[in-house]
1. Return the tail of the calculated pair distribution for chain B, meaning the percent of Cα-Cα pairs more than 26 Å apart.
2. For a quick check of your reading of the filter: which chymotrypsin sites (Phe, Trp or Tyr not before Pro) in the range A:240-288 sit in a DSSP loop and have no more than 16 other Cβ atoms within 10 Å?
3. Cα centroids of the range A:133-206 and the range A:234-266: how far apart, whole angstrom?
4. When the C-alpha atoms of the protein assembly as shown are aligned to their principal axes, what extent does each axis show, in angstrom, from largest down?
5. If the cut-off is 25 Å between C-alpha atoms, which lysines fall inside it for B:K121, apart from same-chain ones fewer than 8 positions away?
6. Where does the range B:120-235 land on Rg(C-alpha)/(2.2 N^0.38 Å)?
7. Please give the helix B:212-228 orientation as an angle from the longest Cα principal axis of chain B, in degrees from 0 to 90, rounded to the nearest 10.
8. Tilt of helix B:158-182 relative to the longest C-alpha principal axis of chain B, in degrees (0 to 90, nearest 10)?
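Just so it is clear, none of the values below were taken in a lab; they were calculated from the coordinates. If you're wondering where the values come from, they're calculated on a predicted model, not measured in any experiment. Cβ atoms come from the backbone with ideal geometry, glycine included; neighbour counts cover every protein chain shown.
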Amino acid sequence: MRKAGICGLVLLFFAFATLTAACGGVSSTATATDDGNPERAIQNKGSDTLVNLALAWAEAYREIEPEVSIAVTGGGSGTGIAALINGTVDIANASRAMKESEIEEARKNGIDPQEITVAIDALAVVVNLANPVDRLTIDQLADIFTGRITNWQAVGGNDAPIILVSRETNSGTHVYFLEEVIRKGDSENTDVFAPQTLLMPSSVGITSEVQRNPNAIGYDGLGYTDPAHEKLIAVARDANSPYVAPSVATGADGSYPIARALYMYTAGAPQGDIADYLAWVQGAEGQAIVAELGFVPLPSE
Amino acid sequence: MAAANQPLDASIPPDEIAERRWGELIIEGVIRVAGISSIVIIALIFLFLLREGLPAFLDIPLRQLFGTRWYPIEEMFGLLPLLVGSLIVTVGAVAISLPLGLTTAIYLGEIAPPWLREILKPIIEVLAGIPSIVLGFLGWIALAPLIQNLGAPTGLTAFTGSLILAYMSLPTIISIAEDALYAVPKEYRDGALAIGATQWQAIWRVVLPAARPGLMIAVMLGIGRAIGETMAVMMVTGNAANIPSLGSGIFFQPVRTMTATIAAEMGEVAQGSLHYSTLFAIGIVLFLISFAINALAGRLVGVEGLRRSRGGML
């Protein structure tokens, strides 16, 4: 938790020298290990959505395999895929699947891209169990969370005010919801959350408010929701599309609109260090980091 | 012991006196440094706040800084909702804790029999030691659903925060106010009763005015506790950076306080960014507010009042 008060600032002031010294110590040890063993490097580039997750994986993996160094850079899914096609990276990160045209291009260069799903990024919209509303479109969600709709009656519910619940602005989930639901993925759109939105410092804050307030609506990573105590709203892309309830399955197959699989692409079937790394990413340890960063882990068979 | 009663010059050789003088000088020096150090630390804190927070005042147009929207990730840095939020929560807390705290202190100091006082006073002092996060948790789990059942749109409101803060500042107010009443000489009461005043008249007309400076300090410390509290408030006020609409429901709407904003956003903000310096700017505003409260307390108590209270205690 972040409990920095005024006294924290003073502490910060005095801790500066110590911190700098500590950082110096860490980097010098790292150089010593590098010198001792020949490094095997993996180049990893792409999606900005994935970049923090990829960095966390790379850092954690370094402790397991110190000889393998993974260099992670962002730049966007397109950049990563382009680099894979040109053969300049070993792993491309992408928050969308490769297009047919891109795959063809890669094959022309003698590269056979292999898709590996590494995590799922899905958000469930939750309301109180007593709320009669059980399905909403993305447009309705956008209207609700920007404050254009303020009464449940407008979306087929009771005549009651809508209480908006969200994560704090520094949460990645908040930003994802802002970009994908409120702004519907349109980068020109400048809509933001209504000012009366309750901002919760934790997922538990959202869950507890939704569970006890019959008029509350919130959203949260699927992994944090509890279908026994709150209602998960079925969401439709637009009024003509089917309403889909959030689940790991509908998140993974792409039918749930506020979810997307996150991929890593390799040139040809992964081998050696890359295969070991990807297996670790998809394994229990890698997926634990996925959950830590607020993404949906892959379903464990 | 006998030697100590003799004049120093007669019993101690001159070089030893010089040594003692040196010793005294060192002790005096240490005490002086200790006395000044707190002033130096406060000055350092303020300088540090200024250095980190000043860019916000320079880089953000004032009109935006006093705008009505706080949404830092989209570069909306309006401090007004946060100021209003802190104000509402604090005013609510003071409105609850002031009458409750002062009447409790009067009961304890003037009316309660000594044996009851001996039981109650330590218990109230124990209350002061309850960590604020525990009270916040209590407010979140128990108080918020209660407030919601009273008809508020959500249990996480300014009033919920005020209740928790009032409870938190009560021990401070009671303890200090009771000490102030205790310092009023017994002769004042006896005199009042002797000329035929009732107990209530003696308390209202004689004891309370005599204890005024101490009571004022109790109130100011209580307010200071309320406005600076962070974690408990963050848990129960909903943190919506919204300016509540005026009216009877103003206390029953979610608000976001300045302290909660700093606590919630400091951890993830990029160092040196505009958002970062704006959080420090909020710190400056908080610092100035507490400074103003102290200055006001000084003015209200007044030099005359301070002298009287000292005279009373002697």
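1. Details: 29689 of 49141 pairs.
So the portion of pairs separated by more than 26 Å is 60 percent.
2. Listed in order of number, the matching sites are A:Y243.
3. Centre-to-centre (Cα) distance: 18 Å.
4. 107, 76, 47
5. B:K186
6. 1.38
7. 40
8. The angle comes out at about 10 degrees.
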